[in-house]
Every structure is written in C-alpha cells, then in structure tokens.
Amino acid sequence: AKRQGRNHLHFFKRSEENSQRVDVHLRNHFQQAIDNEKLALYYQPIIDLQSGAIVGAEALMRWQLDDGSFIPPDEFIPMAEATGQIIPASEWAIEQACQDLKLLLEKREHMSVSVNLSALQFSRANFFEQIIETIKTHKLSNENLELELTESILMDDSNHAIKLIERFRNAGVAMSIDDFGTGFSSLSYLKKLPVNKLKIDRAFIQDIVSKSSDEAIVRGILAMARQLNMDVVAEGIETAEQAIRLTELGCGYGQGYYFAKPKPLTELLKDLD
Ligand code: C2E
Ligand code: CA
Ligand code: CA
Ligand code: CA
C-alpha cells in the first residue's frame, strides 16, 4: 500500500495532463484518512539552548497508511491545501493537539505545543473564535498553544492577517513566523507583524559552522529579533557544533534531529519523566 500511495503522490506532483483524475483519487484517499482517523500528530521537542530543557513541542501531521507506513506532510499538505481538505484535517489536528497538551501539562507546568497553520485557515471566518473555543473546551490556557505561520498568510490580505495575529496575541496565544528567511521575507513587513517568535529556517542553520555568510545572516536575525523583543528558534539543528555555535550567538531555542526527531506523544511524555 505504501508503494502505491507514494506513486500516486508523485504522479500528482509531476503529471499535469492527468492531474484531474489523480487529484480525485488522492483526494478520496486522503478524505478516507480524515474520516477514519488515519491522521496522526508527531511531536518534535523544542529545547532551551542554555539549559537543554524541553520547553515545548511542534505538532507535525502524519498520514498513516493501512500497512502502518507514513506519508510525510510535504507529500500531502500541498494537495490538501489545493483541495481545501486542509481545513477539516487541521480542525482535527488542533483538537488532537489540545488533548495531547493536557497530558503534557500534567508532566510539565510550563509547556507549549505549536501547531502549523495554512494560509487557507487564516482567511476563514470565525477562525479566531474557533481556536479560542477549542482551548476553552479543553480547559487549557491560551498561553499553552502556539501557532506557526508562514509568510504566505500575508499574500492574500495582509491587513486582515495582521489584525488576526493581533487578536491572537492580545488573547495570549503565541504566534511565530515559520521558515524565517525563506519566502519574501522583508524587514519592513516584519515590523508590522505582531508575532513574538521567529523560527529560522534550516537552510541557514545547515552550514552555520562552515559558512561565515550563513553565520552572519543568523547573527543579523538574532540582533533584529532582540530589538523587536522576539524569541528565536533555530530549526534543523543536526550536530552538537551547530547547537554550540547557536548558543554562543545567543539564540534562545533550538529544534532538530540532534536533539530529537518528531515522535509519538507517548514517547514525548516519557522524555518528560
Ligand atoms: P515545518 O513546519 O518547517 O516543520 C519542520 C520540518 O523539518 C518537519 O518535517 C521536521 O520533521 C523537519 N525537521 C526537524 N528537524 C530536522 C533536522 O534536524 N533535519 C532535517 N532535515 N529536517 C528536520 P515534516 O514533519 O516532514 O513536515 C514538513 C512540513 O509540512 C512542515 O514544515 C510544515 O510546513 C508542514 N506541516 C506539517 N504538519 C502540518 C500541519 O499540521 N498543518 C500544516 N498546515 N502544515 C503542516
Ligand atoms: Ca513549523
Ligand atoms: Ca519550519
Ligand atoms: Ca517548512
């Protein structure tokens, strides 16, 4: 089943001619996954670089096939965004993340879970109310949920997006810019965005030890974030050297395979023992 699923997914990406037909197949397959709860959330720890403590976790969606294998999000999220299925899938994810957060908070008083948002969700009416309601239903506090946005949310209607981010921030929900440094990042828009956290894209972390230009960029981002009172998470840390360098540069938080790969909730709970 895994092979078959993957072939279809690649087909979806590559074949223009057949995209209609394959789209329908894939869409149905994914719809079944949503309906039959074949989606899962994995969690990747976020580390305080100074202390080495786990301070949060990012929720990452997985699509589990009948043979137990997983299709990674890079292969189905773009499709789900195109079909609109990202909406029900994300509603499920936020609900699940809140349930899981409840269990995490029993182990750690200060713990946050970050959920990735797509631009489509952000433009939906009542999105704010829905999130706040879900947090309430689970008797969580707004401070424990974090939302990760990419710059693409600013493309359609940036005024609407900025107002919405403000509402979340005023309610105490942390908002971060994901994949910072990629996309159309410009410093002028950052000034307008009331986010409180930047996640530096892995592309700048990868060669931070060997490439002085990458180190310079990261230094620049850190200096700017300090001025704007924003926290910074370095993504994709894979080696001790990278972690050490980032700590020296004053980066507050890190995430990456060096610390931990995304894992099921049960494993994350064990890490907190
Ligand atoms: P992202 O939000 O930038 O998530 C980080 C990705 O980097 C994850 O890939 C994670 O497994 C991977 N990663 C973490 N540490 C390392 C490392 O040290 N080295 C390398 N090479 N990779 C690392 P993943 O889980 O495959 O997710 C890919 C993307 O799919 C995410 O990128 C995000 O844009 C999207 N995505 C995942 N879950 C959701 C979701 O629930 N909703 C939405 N809208 N998008 C999601
Ligand atoms: Ca993310
Ligand atoms: Ca990212
Ligand atoms: Ca990404």
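The values are calculated or read from the model by the stated rules, or taken from the named source; none is laboratory data. Quick caveat, the model's predicted, so the values are computed rather than measured. Cβ atoms come from the backbone with ideal geometry, glycine included; neighbour counts cover every protein chain shown. Side chains included, ligands, DNA and RNA excluded: accessible areas come from the protein's heavy atoms. Shrake-Rupley method; radii C 1.70, N 1.55, O 1.52, S 1.80 Å.
The 3J(HN,Hα) values that the Karplus relation (6.51, -1.76, 1.60; θ = phi - 60°) gives for region 102-118 are, in residue order, 4, 5, 5, 5, 5, 8, 9, 5, 10, 8, 10, 10, 9, 10, 7, 10, 9 Hz. Gly and Pro appear as x. Residues whose amide H falls under 5 Å from that of K263, counting only those 5 or more places apart or on a different chain, are Y43, Q44, with hydrogens built in the peptide plane.
For region 136-168, trypsin sites (Lys or Arg not before Pro) meeting the loop criterion (DSSP other than H, G, I, E, B) and having at most 16 other Cβ atoms within 10 Å: K139. For the chain, what percent of Cα pairs sit more than 34 Å apart? Counting every Cα pair in the chain, those more than 34 Å apart make up 19 percent. Loop sites here are GluC sites (Glu not before Pro) outside DSSP states H, G, I, E and B with no more than 13 other Cβ atoms within 10 Å. The longest part of the chain free of them is 110-273. Karplus-based coupling profile of region 243-256, in residue order and whole Hz: 4, 5, 4, 5, 5, 4, 6, x, 6, x, 9, x, 8, x, with θ = phi - 60° in 6.51 cos²θ - 1.76 cosθ + 1.60 and x standing for Gly or Pro. Taking 0.36 nm per residue of sequence separation and removing the Cα-Cα distance, the Q64/E238 pair yields an extension gain of 60.1 nm. The mean of 1/r over all pairs of different alpha-carbon atoms in region 105-247, once inverted, gives a Kirkwood hydrodynamic radius of 16.3 Å. Convert 10 °C to kelvin, take the viscosity as 1.306 mPa s, use the Kirkwood radius over C-alpha pairs of region 172-236 as Rh, and evaluate the Stokes-Einstein diffusion coefficient in µm²/s, rounded to a whole number. Answer, rounded: 132 µm²/s. Between A171 and L103, residue separation times 0.36 nm minus the direct Cα-Cα distance comes to 22.2 nm. Here region 62-179 is treated as a sphere whose radius is the Kirkwood value from Cα pairs; by Stokes-Einstein at 20 °C and 1.002 mPa s it diffuses with a coefficient of 141 µm²/s. Rounded to the nearest 10 degrees, the angle from helix 2-14 to the longest Cα principal axis of the chain is 80 degrees. Within the full protein context, the accessible area of R219 is estimated at about 130 Å² for a probe radius of 1.4 Å.
Axis of helix 158-170 versus longest Cα principal axis of the chain: the two differ by about 70°, to the nearest ten degrees.
Using C-alpha pairs below 8 Å separated by at least 6 residues, the relative contact order for region 168-240 is 33 percent. Relative contact order of the chain: 18 percent, from C-alpha pairs under 8 Å at least 6 residues apart in sequence.
Atom-type composition of the exposed protein surface of the chain places 47 percent of the accessible area on carbon and sulfur (1.4 angstrom probe). Excluding ligands, DNA and RNA, the accessible surface per residue across the chain is 50 Å² with a 1.4 Å probe. Taking V113, V55, V173 in turn, the Gaussian network model of the chain (Cα-Cα springs below 10 Å) assigns the largest fluctuation to V55.
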